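Here is the structure we will look at.
The values are calculated or read from the model by the stated rules, or taken from the named source; none is laboratory data. What you see is a predicted model, and the numbers here were worked out from it, not measured in a lab. So basically every Cβ, Gly included, is an ideal-geometry build from the backbone, and we count neighbours across all protein chains shown. Please note that ligands, DNA and RNA were not included when accessible areas were found on the heavy atoms of the full protein model with its side chains. Shrake-Rupley method; radii C 1.70, N 1.55, O 1.52, S 1.80 Å.
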Amino acid sequence: MSPWLNSPLAIGVGTRELVMAATAPRWKVARRHAAALAEPTSVAIPDEQCFTERGVLDALNIALAADAGQTARTVLVKRQAHIMLDDFWASHAILRGDFRTLSASETNQIVLAHFSDLYGIEAESVQVRFSVQRGGHAVFASAIACTLHDGIHDAGMAAGVDVRSLKLCLPELLNRVQDAAAGAGTALLLFVADTLMQAVLFEENRWVAYDSQRIFPGDASDAERIAARAEQSFERLAGRTSGKREECRIYLCGAEFDPAPFEGRFCATQSVAQPAMDKPVAYRLMEAAR
């Protein structure tokens, strides 16, 4: 029996594709045993179901059924899965205020009210996640539709898979970039993925504002256009700060860009280290889930 049949699953969920693969247990050295791992399973979401929760859930059911077919003959132990979602599947926001004395329940209610005011989201329809910034003066919050969140867990349960973590990509990047930007004064994280350009502004090593824009096919390969949009995002975000664009360092993540158009607009440009840049978005999300 393959030593990987009981290994946790890593699943990346994009807008057009889902990629799933076994991952090495923590007590194994992944590089040493990489050859024993099966090739990732890729499930394309049909064109008519792209950008829909139904498309995601159908693709997940197909992938989990294929995994069950490979393992059911020899494995009776329940698998675990770690899932990373494209940020298209959630809404994000940064709320500023004094959260130091608030309970988690009180903060949750404030976040729900914010999403309701901003997007017209009904509180009962979403699951909210949030992280309070060090010092307690800001919250990074995300809202995921309950139908998607619950549907993913239900699909796992039906396939005998325990979904141990269900994460979004951008929140996972924040701490990495925040540590890298320490001492940089004003910094902008620009995360360009399949359908979204997201920007998070840092000032004095704290995130202070969030912005997102929809992008379309061809946009992500046009560095000049993305650089111009990054400049616009900075101007929108910097209204409540003392930051100046000419003194702002920009961190590029997601798509690969020629840094030249950004260097003319910001004081410095730096790319965030990422795995498998030559792979599709869902594959990179799967690698991040590992």
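How many residues does the range 124-151 contain that are closer than 18 Å to ILE83 by Cα and either among the polar types (S, T, N, Q) or outside any strand (DSSP E or B) (or both)?
So the answer is 8.
Any residue in the range 281-290 that is touching a Lys or Arg at 6+ places or on another chain (Cβ under 7 Å) and open to solvent by less than 40 Å² (accessible area, probe 1.4 Å)?
no
Name the single residue that is modelled with the lowest pLDDT among those in the range 63-80 being polar (S, T, N, Q) and farther than 11 Å from THR41 by Cβ. Don't jump to the end; show me each part of the working.
Here is the first cut: in the range 63-80, the residues polar (S, T, N, Q) are 70-71, 74, 80.
Then keep just the ones that are farther than 11 Å from THR41 by Cβ; that gives 71, 74, 80.
Details: THR71: 59, THR74: 50, GLN80: 94.
Taking the candidates together, the pick is THR74.
Taking the range 255-280 on its own, how many of its residues are in contact with a Lys or Arg (Cβ under 9 Å, 6 or more places away or on another chain) and either at pLDDT 90 or above or in a strand (DSSP E or B) (or both)? Break it down stepwise before answering.
Narrowing the range 255-280 to residues in contact with a Lys or Arg (Cβ under 9 Å, 6 or more places away or on another chain): 261, 265-270, 272-277, 280.
If we keep only those that are either at pLDDT 90 or above or in a strand (DSSP E or B) (or both) too, we end up with 261, 265-270.
Going through the range 255-280 one residue at a time, the tally reaches 7.
Test each condition in (1) open to solvent by 50 Å² or more (accessible area, probe 1.4 Å); (2) out of contact with any Leu (no Cβ under 7 Å at 6 or more places or on another chain) for ALA193 and report the one that comes out false.
Against the list (1) open to solvent by 50 Å² or more (accessible area, probe 1.4 Å); (2) out of contact with any Leu (no Cβ under 7 Å at 6 or more places or on another chain), ALA193 comes up short only on (1).
Hey, can you tell me all the residues within the range 27-60 that are modelled with pLDDT under 95 and touching a helix residue (DSSP H, G or I) at 6+ places or on another chain (Cβ under 6 Å)?
Within the range 27-60, just THR41 meets the criteria.
Would you pick out the residues in the range 118-138 that are more than 13 Å from ALA90 (Cβ to Cβ) and within 20 Å of the chain's Cα centre (by Cα)?
SER131, VAL132, GLN133, ALA138 - these are the residues of the range 118-138 that are more than 13 Å from ALA90 (Cβ to Cβ) and within 20 Å of the chain's Cα centre (by Cα).
Need the failing condition index for GLY120 against (1) in contact (Cβ under 8 Å) with a residue 24 or more places away in the chain; (2) at positive phi, just the number.
(1)
Looking at (1) open to solvent by 50 Å² or more (accessible area, probe 1.4 Å); (2) assigned to a strand (DSSP E or B); (3) touching a Ser or Thr at 6+ places or on another chain (Cβ under 8 Å), find the lone condition where ILE83 falls short.
Every listed condition holds for ILE83 apart from (1).
Here are some residues: LEU170, LEU188, LEU201. Which one is hydrophobic (A, V, I, L, M, F, W, C) and within 23 Å of THR23 (Cβ to Cβ)?
On the way: LEU188 fails: within 23 Å of THR23 (Cβ to Cβ); LEU201 fails: within 23 Å of THR23 (Cβ to Cβ).
Answer to the check: LEU170.
Considering only the range 221-247, state which residues are within 22 Å of the chain's Cα centre (by Cα) and within 13 Å of LEU190 (Cα to Cα).
ALA223, ILE226, ALA227, ARG229, ALA230, SER233, PHE234, LEU237 - these are the residues of the range 221-247 that are within 22 Å of the chain's Cα centre (by Cα) and within 13 Å of LEU190 (Cα to Cα).
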